[in-house]
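Student: Provided herewith is a single structure, encoded as structure tokens, for subsequent inquiry.
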Ligand SMILES: *Cc1c(COP(=O)(O)O)cnc(C)c1O
């Protein structure tokens, strides 16, 4: 996934023209402004925190939402999916480092949350996503995410960014989210 947030179009154009077709954005409104014109040509993934009052727009505009992390959001997404007759693929974000400033369900609650998404809200959880603490070895965090996925029968793992995607791939990532290494610093 090429993370295009905050990038000017002249940085994105060569990558898009070169054939990249999966892009990640962390804000709904910014994504709509950047991608409205090319929307039909790409797969677009939301990788930033989602407020419930933006859920309608997010369901309408994104192919994948990778930041499902609380019951209230699960309920609102389930309602929007019903209302719109359109279901983005969903990843549960896990806060593997239990950092207070970071979004994501804490690891101890991940199994119960995945079960609630499925059983209570009827959501299909395609994958898990994490962002390890910036100042730690990411490998234990990636392995923890892979363990949570395996024991819950979740197939996909979105993990690894510009600085650690090789480690993530070695730990089983099925997609990596690369921004600055492709487009330059933001
Ligand atoms: C910005 C961002 C990325 C990309 O980070 P880089 O270090 O530029 O590759 C990946 N994942 C998330 C959730 C992001 O917000």
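Student: State the extension gain, in nm to one decimal, for the chain segment bounded by residue 150 and residue 108, taking 0.36 nm per residue of separation less the distance between their alpha-carbons.
Tutor: Net length gain for the segment: 13.6 nm.
Student: Radius of gyration and Dmax for the chain's Cα atoms, expressed in Å?
Tutor: 15.8, 45
Student: Per 0.36 nm of contour for each residue apart, how much would the distance between residue 13 and residue 86 grow if the chain were fully extended, relative to their Cα-Cα spacing? Walk me through the numbers on the way to the answer.
Tutor: Values: separation 73, 0.36 × 73 = 26.28 nm, distance 2.88 nm.
Extra length from residue 13 to residue 86 when fully extended: 23.4 nm.
Student: Once you compute Rg and the Kirkwood Rh from C-alpha atoms, what is the Rg to Rh ratio for segment 1-68? Intermediate results must be reported in sequence, preceding the final value.
Tutor: Values: Rg = 11.3 Å, Rh = 12.0 Å.
When Rh is taken as the Kirkwood radius, the ratio is 0.94.
Student: Quick check on packing: order 117-130, 172-185 by the mean number of other C-beta atoms within 10 Å, highest mean leading.
Tutor: The most tightly packed comes first, giving 117-130, 172-185.
Student: Continuing with this model, one more query. Can you compute the modelled spin-label distance between residue 52 and residue 32, with each label point 7 Å from Cα toward Cβ, in nm?
Tutor: Between residue 52 and residue 32, the simple spin-label model gives 2.0 nm.
Student: Could you work out how far apart the two model spin labels at residue 72 and residue 39 are, taking each label as a point 7 Å from the Cα in the direction of the beta carbon, and quote it in nm?
Tutor: Between residue 72 and residue 39, the label points sit 2.7 nm apart.
Student: Please list 55-62, 149-156 highest first by mean number of surrounding beta-carbon atoms within 10 Å per residue. Walk me through the numbers on the way to the answer.
Tutor: Values: 55-62: 19.0, 149-156: 15.1.
The most tightly packed comes first, giving 55-62, 149-156.
Student: P(r) for segment 82-179, please, calculated from all Cα pair distances in 10 Å bins and given in %.
Tutor: Pair shares across the bins are 16, 49, 27, 7, 0.
Student: Dividing the alpha-carbon radius of gyration of segment 48-95 by 2.2 N^0.38 Å (N being the number of residues), what value is obtained? Before the final figure, lay out each step's value.
Tutor: Values: Rg = 9.5 Å, N = 48, 2.2 N^0.38 = 9.6 Å.
So the Cα radius of gyration is 1.00 times the expected 2.2 N^0.38 Å.
Student: At 7 Å along Cα-to-Cβ for each site, give me the label-to-label distance between residue 116 and residue 63 in nm.
Tutor: 3.0 nm
Student: Another one. With a ≥ b ≥ c taken as the square roots of the eigenvalues of the C-alpha gyration tensor of segment 35-134, please select rounded if a/c is under 1.5 and otherwise prolate if a/b is larger than b/c or oblate if it is not?
Tutor: Details: a/c = 2.05, a/b = 1.32, b/c = 1.55.
Here segment 35-134 falls in the oblate category.
Student: Another question about this same structure. Can you order the peptides 104-112, 16-24 by their average number of other Cβ atoms within 10 Å per residue, highest first? Before the final figure, lay out each step's value.
Tutor: On the way: 104-112: 16.6, 16-24: 14.1.
Per-residue Cβ counts within 10 Å, averaged per peptide and sorted highest first, yield 104-112, 16-24.
Values in this text are rule-based calculations from the coordinates and carry no lab data. No experiment lies behind these values; they were computed from the predicted model shown. Neighbour counts are summed over all protein chains in view; Cβ atoms, including those assigned to glycine, are modelled from backbone coordinates with ideal geometry.
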